[in-house]
1. For B:Thr57, are the conditions met, namely being β-branched (Val, Ile, Thr), more than 28 Å from B:Tyr175 (Cβ to Cβ) and under 36 Å from the mean Cα position of the chain (by Cα)?
2. Any idea which of (1) farther than 24 Å from B:Ala396 by Cα; (2) over 28 Å from the mean Cα position of the chain (by Cα) is the one B:Ile297 doesn't satisfy?
3. Name the residues in the range B:160-193 that are in contact with a Ser or Thr (Cβ under 7 Å, 6 or more places away or on another chain) and free of Cβ contacts under 8 Å to residues at least 40 places away in the same chain, would you?
4. Being surrounded by 17 or more Cβ atoms within 10 Å (Cβ to Cβ), within 9 Å of another protein chain (Cβ to nearest Cβ), polar (S, T, N, Q) and under 30 Å from B:Ser232 (Cβ atoms) narrows it down to one residue among A:Thr281, A:Thr340; which is it?
5. Identify the residue in the range A:256-278 that is in a helix (DSSP H, G or I) and free of Cβ contacts under 8 Å to residues at least 60 places away in the same chain and, among all such residues, is surrounded by the fewest Cβ atoms within 10 Å (Cβ to Cβ).
6. Restricted to the range B:439-452, and to residues that are more than 9 Å from every other protein chain (Cβ to nearest Cβ) and touching a residue at least 24 places away in the same chain (Cβ under 8 Å), which residue is surrounded by the most Cβ atoms within 10 Å (Cβ to Cβ)?
7. For the range B:260-287, name all the residues that are hydrophobic (A, V, I, L, M, F, W, C), touching a residue at least 60 places away in the same chain (Cβ under 8 Å) and touching a strand residue (DSSP E or B) at 6+ places or on another chain (Cβ under 8 Å).
8. For the range B:199-241, how many residues are hydroxyl-bearing (Ser, Thr, Tyr), within 18 Å of B:Glu284 (Cβ to Cβ) and either in a helix (DSSP H, G or I) or away from every other protein chain (no Cβ under 14 Å) (or both)?
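The values are calculated or read from the model by the stated rules, or taken from the named source; none is laboratory data. Predicted model only: the values in this text are computed from it and were never measured. Heads up, the Cβs are rebuilt from the backbone with ideal geometry, glycines too, and the neighbour counts pull from every protein chain shown.
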Amino acid sequence: MTSNQLISKEDLIQFEELAKAYKTKTLGPLFDNDLPDGDLSMLNEAMDTAFNIGLCAAPDPSQPGYEYGIWGKTINETGLLSSVLLLLQIAEECGGIAALLHWQGLASQCLIYGKEQQKTAIKRVGLCIQNQSGLPSFEQVADSVEAISPDSCKYHREDSGYVINGTKYFVYCMEPIDHYLVFADCDNNLAWFLVPIDTKGVSAEAVSHRTGLRACTLNNVSFDNVLVDEEYRIDNDNALNLLRKTLTIAWTGLSAIAAGIARGAVNQAFQYASERYQGGTVIENHPIIQGLLSHSYARAETARSMVMSLAYLEPDKTESMMKAASAKLVCLDLCFAAVTDSLQVLGGYGYMEDFGMEKRLRDITVLKSSFGSPGYLKKFIFNCHKE
Amino acid sequence: MNPEHIAHNGSQHPDTKEISQKIEMLEMRNATGSMNLFGQILVDNREMSLWQHDTNTLPFSARRLRRKALVFASEHIRPLAAEADLNPDKFNPERIMKLAAQKGFLSLMMPKPFGTTPNHIFFNNPVLLIALAAEEFCTECGGIGLLIMAHNLGIAPLLISGHIPTYLRHLVPFYLKSTWLGNSRIAAFAITEPGAGSDVEETIGGAQARLSTTAKRVKGGYILNGSKCFISNGAIADKISVFAKLEGEGIESWTCFLVENDMKGFSVGRHEKKMGQRASDASELHFDNVFVSNKNIIGKLRAGWAINRNVLNYSRPVVGAMALGHGRGAFERTLEFCRNTNLGSKKLIHYQDVQYELADMAITLMSTRATIWHSLKNFRCNQSTASAAKVRASDAAFKVCSQAMELIGDHGYLHSNGIERSFRDARLTQIYEGTNQINRLAIIEHQWNSEIKEKENG
């Protein structure tokens, strides 16, 4: 059990109020139109606001979000609860923006946790972990380090630095990005490198149109004989531990976003059902609709409870990784069912872009498959359990 | 020794040649050789796709149509699918509809010589061939499939009315132009109103529906006022089957009118932006004192509700077939991805857990197809079996599409792979043609007297 008791109830309420205010005042105008994913031309401004009010974490200690932003420094002392609450709130309005804040925060946390170094002028960081075949093979994260999948990024020593080669896939990031944080391998020696985007040999290819989470930029990033100095290796020879922690927090965050999306969907469905007239009455009076609504509510709340239990994890423990993986596996199923049933309550309107419900379904569909498909998670859990 | 052969059987990379040879011996295609001749005859070792296996169970003309639709879909629909979904505003359906008309896919609702369905097939079930084509088209693209199928839906009231004057005035001439001249004039079906969605697809709701589209009797015909929404092909249809209540009366007076798109007072309103099936429009239609002559009344006055409900009985298996197509498209593209993509040293297709998921999807699709084809075994479509087929197929398709996306991880949600498109397309089949909840009530309604209600004394 971590020291969540150091966060007072009043502090937690303040975190939630901050998120609610951001949701209403900053995100509200983004969705005050009939665009399917909001007005993405306003996204930069929304992200700047998130940085300025301390919602969005950054590795630079001078930034307001360094300590208390999502996955900021304080989670190392007080646990994950505050960040989980922030993500739950924001995801009720938009899963894509919650995901942006989550990935930015996670990259910042890796830098904060890793080697102490000059971190000013590092603001927006893209986390490069996934290979073409997906996340690193589970053997290496369950204490024993086996070979990474053959298509991983490789590094080797050269002069006073390292040379990195390879490609990382499905890198979620917040534009305009200034650095990448790259997880690489050299004959089972794992390492993390901070790479400025203007380093020679770095190139990014935008991933094509996709189902959801469209507020996020999604790139495949290639490293072609990229040379970085020693100081840009940030793992303190503890790369595996950092990966463990990263996966735990990543899955916790994705589960929290899913639970937030589900709650938003259920609330919208309840509202709609109280207003829509069919079958001689408002539809909330029909037992079939009551069943859909209550089942959706139960699923969304169960997922939320599961996410809240993750808030007390110590992220660098194998057991925590298993719990986070289990939560992602089960939570996403529950939340997906809650959202699709909520959409069903809206009938044809649920399928139309201007009602916002189909966006929730698209976003949660992406969450289900991204950063650890159900198949990957099942294998991962089995092997961790075997260990 | 073939390492891939070992992986196919899910065994854990046996080292010995001996075990590999044993596995090969035990496979049915080889093991059968040790049986006596009659035993061998009873074993089906033919190597054929499930598609071919199912097709072989159909009558000859149906087999031929199914193959023709498959070829049409792969040659003409597949190249358009991705772009039509991504940029529906720029997609012009004229060419594909013309091709579909020339191939006879717009005139399947009547028997030859008026339409393109062979008589013996038509009088077995009038929509069997439409359902077969629907599955093939929607395997490639749900939006383009809907374009073609919504046309058939628009024509359906003319046939279902059973009204000989309607056949002679409208149905036969329309179809002859389509069948003989490849004329691609398009039809649409307009029942849904802003205040009446589920209500126009179910009896109890219908009795309490708040309808806004009315028909006022004048000399020589009727004046229509009101609006319809979510009408597939509404923006491009030449003829629309519009249902309106007679002025001063309720839904029991619903009458079907054939509105032509050049009639004064008719206009197309807002185009809805849908999550999927985007190549097909869903538009608002407005009727502002539209005069419709008596000759354009489909069937009898006040027969509209019954015509509407019966049209749904014939269209629901077709919607089920469309859903099946979405699921099958997702499955086929996922299979292709698994064949071509490595995980470690071998292709995805050689992993047992991947094989398990693929088999599960195949089972769902096969059993769904069986349910749909069962609902099309009789000349008259049955309300219960039609609704059951639609519900089963749409739920199954959504499940298969979700499974497909999850199986290939992050690649599943990329538009370029075509799987997420099927997912978005499939979701609509759980909503239109009556939500799956409404369809369940339709089964209860239909079976109430025969087997649901309490038994009388004894």
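1. yes
2. Going through (1) farther than 24 Å from B:Ala396 by Cα; (2) over 28 Å from the mean Cα position of the chain (by Cα) one by one, B:Ile297 breaks only (2).
3. The answer is B:Glu193, and nothing else.
4. A:Thr340
5. It comes out as A:Gln271.
6. Here the residue is B:Asn439.
7. Of everything in the range B:260-287, those that are hydrophobic (A, V, I, L, M, F, W, C), touching a residue at least 60 places away in the same chain (Cβ under 8 Å) and touching a strand residue (DSSP E or B) at 6+ places or on another chain (Cβ under 8 Å) turn out to be B:Met275, B:Leu285, B:Phe287.
8. 4
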